[in-house]
Amino acid sequence: MGSFLFKQFSVRQEISAMKVNTDGVLLGAWCSLPQSVPLERPVRVLDVGTGTGVIALMVAQRLSSQFNNFNIVGIDPDAPSSEEAEYNFKASKWSNSLSSLPLSLKEFANTGSGCFDLIVSNPPYFINSLKAPAKRRSNARHSESLPFYELADCSANLLTPCGTLSVILPAEAGAFFVSAAALHGLYLCHICKVSTLSGEPEKRVLMEFSKTRDLGLKKSGLSVQESPGGAFSDDYRRLTADFYLKF
């Protein structure tokens, strides 16, 4: 499939189980960047299920305009995906700040690698559904490979007290994840409902979680296109303008 070109980096996607897609781009552009980070240490970000590394690269681009010192780790239990993410990281201008490891979240959590200011994930989300014929792609898409409770539990343990977990999920899976997160002390503080077309019901939800229960809930919405086969919406263009060549 070759490479996907962005304004400040490119993403090779020849061997990764999952390719560059709208969900990943939405999360990379939308997630809130850390704010309360001590000056004496780098901002630390974990990308769970990094795939090609596109989300980590987008976050790196955004962080580089605000912070001089940051470190982003991408993890993926699919070794070829982790290998390709590492290739993409090394080819970027932020190569010294990015690394990829062929580990599951549970394996990584057991390494004692410290805490993170931001965890981002475009996690597997199909529950009790037919699996894709290709095993690697199926694992990347089905929640059995990373159950919601496991993502919530490990994230709660890996986040700093002021850290944030940002995820994107199908709208119908959102409530399941909110419940799983709350059981592990992570509380929904921002939700953006994403529809494919303006005026239609949401297909995806972008969600952020905090360890602080009383932050309140910020709500927003976004449509990707104005009409079938039509122009991208102004909101989507604004959100992704720093990344897509066509914008």
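The values are calculated or read from the model by the stated rules, or taken from the named source; none is laboratory data. These numbers were taken from a predicted model, which means no experiment stands behind them. Because the Cβ atoms are built from the backbone with ideal geometry, glycine has one as well, and the counts that use them run over all protein chains shown. Keep in mind that these areas ignore ligands, DNA and RNA; they rest on the heavy atoms of the full protein, side chains included. Shrake-Rupley method; radii C 1.70, N 1.55, O 1.52, S 1.80 Å.
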Are there any pairs, at least 6 apart or on different chains, whose C-beta atoms fall under 7 Å, with the first in segment 209-221 and closer than 25 Å to residue 195 by Cβ and the second open to solvent by 70 Å² or more (accessible area, probe 1.4 Å), and if so, which?
-> 221/193
Being in contact with a strand residue (DSSP E or B) (Cβ under 9 Å, 6 or more places away or on another chain), modelled with pLDDT under 95, of a type in the set (S, T, N, Q) and more than 23 Å from residue 159 (Cα to Cα) narrows it down to one of 129, 81, 113, so name that one.
-> 129
Kindly list the number of the only condition in (1) in a loop (DSSP other than H, G, I, E, B); (2) open to solvent by 60 Å² or more (accessible area, probe 1.4 Å) that fails for residue 4.
-> (1)
Consider residue 224 carefully, then state whether it is in a helix (DSSP H, G or I), in contact (Cβ under 8 Å) with a residue 24 or more places away in the chain, open to solvent by less than 80 Å² (accessible area, probe 1.4 Å) and hydrophobic (A, V, I, L, M, F, W, C).
-> no
Given the structure, is residue 73 closer than 23 Å to residue 242 by Cα, in a strand (DSSP E or B) and either open to solvent by 20 Å² or more (accessible area, probe 1.4 Å) or free of Cβ contacts under 8 Å to residues at least 60 places away in the same chain (or both)?
-> yes
Residue under evaluation residue 242, criteria (1) charged (D, E, K, R); (2) closer than 26 Å to residue 156 by Cα; (3) in contact with a helix residue (DSSP H, G or I) (Cβ under 8 Å, 6 or more places away or on another chain), criterion not met | (2)
Selection from segment 17-33 of residues that are at pLDDT 95 or above and either assigned to a loop (DSSP other than H, G, I, E, B) or open to solvent by 50 Å² or more (accessible area, probe 1.4 Å) (or both) | 20, 21, 22, 31, 32, 33
Log entry, pairs with first residue in segment 159-178 being within 19 Å of residue 32 (Cα to Cα), second being hydroxyl-bearing (Ser, Thr, Tyr) and modelled with pLDDT under 95, beta carbons closer than 8 Å, six or more apart or on different chains, reads 162/36; 162/212; 169/125
Name the one entry in 174, 163 that is modelled with pLDDT of 95 or more, assigned to a helix (DSSP H, G or I) and surrounded by 19 or more Cβ atoms within 10 Å (Cβ to Cβ).
-> 174
